[in-house]
Amino acid sequence: MAKTKAELNSKHKPIYVIAGKEDSLVGLECEKLLDRLLKPQQRATGFFNADAAEVSVAEVLDELRTLPFLTQTRVVLVKNADDFVSENRPLLEKYFDNPSPTGILILTVSSWPGNTKLARRLPKVGELLNIVSPKPWQLPDYLIRYANDAHNKRLTSDAARLLIELTGDDLPLLYNEIDKLALFAHAEKAITPQHVESLTGHNRLFNAFAVIDAITGGDVAQAVSRMRKMFAEDKTAEYTVVGAFAFHFRRLFDAKVLLEKGVSQNETAERLRIWYDKDGFFAQLRKMSLEQIGAMLRQLAETDYAIKTGRTKAETAIERLVLTLPSGMAKYQSSFSDK
């Protein structure tokens, strides 16, 4: 016996509201929902993407009530719909009372107050997806779950933390990196720190290494040139560059501590997983004191805070840092030499 359209669509809600203040996270959730509702080849005929600032409520309702073609449902998306909802509440309230049996409405908004008629009616006909940005300490768990759910891969805790350190805390960007890592480690069950360093970290760490090498060699112009090349070649550099520099300086700091404790150079390299250009790494290390490296880490922390709070842009801040590092290193080297 053939199923009715209502029975076929029973696994989907007629209305979805995605609420959150982080546009990137809301957009990510929206794409996940669309993937559940429509196959890629169905979007051409079964999807209407409305511009909230230009579309009328009448057009949206007409699209929802239009019989789907080559699909079982017609999906209508209205992004950034806060004003759209406020301006069209009476008609939307009527629609919430009697939604189309073949249409699915998706609204993305920055907030969804619970004291409105629409909010009270939504649970009966739809679903609210409330997007809350994870706290920094929650990010590794988010990434581990995503790797398992999206790719059936085990992302180790160390790999998750290293990925955040190298990439930053932008969740969609981190998910994108995991997508690439899953392909890179396709034959293996787990994504490890070695995978992260080889794929995600290699270019960023190499570039950071090259800039720092120019600084310790006293060639500021070359350091600035290499830094600008980083931004030109890597479109995600504004999110990842501080992490790459900080990661390298932390390894320098840890290596200096181990060497001063009497640990051999080979064992230090093995403990800290220094595989690429070990001779170059330790040559850099010999040019810096522990105090200098600590000072660089403090400056990077201040730079990271300034970028995240909008006080400066990443490229400007890093270039300023590169220009001031040699004088700062000389100051610390002088005070270290006087002891």
Next on the checklist: Normalised radius of gyration for the chain, please: alpha carbon Rg relative to 2.2 N^0.38 Å, two decimal places.
Outcome noted: 1.30
Checklist outcome for this item: Checking rank on 59-69, 115-125, 241-251, with mean other Cβ inside 10 Å and highest first, the result is 241-251, 59-69, 115-125
Next on the checklist: Going 7 Å from the Cα of ASP179 along its beta-carbon direction, which residues of region 139-173 have the amide nitrogen within less than 14 Å of the resulting point?
Outcome noted: 147, 150-151, 171-173
Checklist entry - Given R₀ = 22 Å, FRET efficiency for ARG65-SER24 by Cβ-Cβ distance, to 0.05? => result 0.10
Checklist entry - Of the listed peptides 207-218, 33-44, what is their order by residue-averaged count of other C-beta atoms within 10 Å, with the highest listed first? => result 207-218, 33-44
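So what is the 222 nm mean residue ellipticity for the chain from helices alone, if each DSSP H run of at least 4 adds -39500 (n - 2.57) and you divide by all residues, rounding to the nearest 500 deg cm²/dmol?
-19000 deg cm²/dmol
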Checklist entry - For a paramagnetic label modelled at 7 Å from the Cα of SER86 toward its Cβ, which residues of region 25-67 fall within the zone defined by backbone nitrogen distances under 18 Å? => result 52-57
Item to check | Net charge of neighbours whose Cβ lies under 11 Å from the Cβ of GLU188, counting Lys and Arg as +1 and Asp and Glu as -1 | outcome: +3
Checklist outcome for this item: The helix 139-151 Cα axis meets the longest alpha-carbon principal axis of the chain at an angle in degrees, between 0 and 90 and rounded to 10, of 60
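Take the Cβ-Cβ distance between SER264 and SER198 as r, set R0 to 25 Å, and report the resulting FRET efficiency rounded to the nearest 0.05.
Step by step, r from the Cβ atoms, then E = 0.50.
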Checklist entry - P(r) tail for region 12-130, what percent of Cα pairs lie past 19 Å? => result 41
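So, by mean Cβ neighbours within 10 angstrom, what's the order for 134-147, 157-170 with the highest one leading?
Going from most to least packed, we get 157-170, 134-147.
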Checklist entry - How large is log10 I(q)/I(0) at q = 0.26 Å⁻¹ when the Debye formula is applied to the Cα atoms of region 43-101, each weighted equally and without solvent? => result -1.15
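Using Cβ contacts closer than 10 Å as the measure, can you line up ASP304, ASP279 from fewest to most?
ASP279, ASP304
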Checklist entry - How would you classify region 65-141 from its alpha-carbon gyration tensor, with a ≥ b ≥ c the square roots of the eigenvalues: rounded for a/c under 1.5, else prolate if a/b is greater than b/c, otherwise oblate? => result oblate
Checklist outcome for this item: Rounded to the nearest 0.05, FRET efficiency between GLU319 and ARG298 (Cβ-Cβ, R0 22 Å) equals 0.75
Item to check | Fully extended contour minus Cα-Cα distance, from THR116 to LYS11, at 0.36 nm per residue | outcome: 35.2 nm
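Just so you know, all these numbers are worked out from the coordinates, no wet-lab data involved. Not measured: the values here are computed from a predicted model. Positions of Cβ are generated from backbone atoms using ideal geometry, with glycine treated the same way; all protein chains shown enter the neighbour counts.
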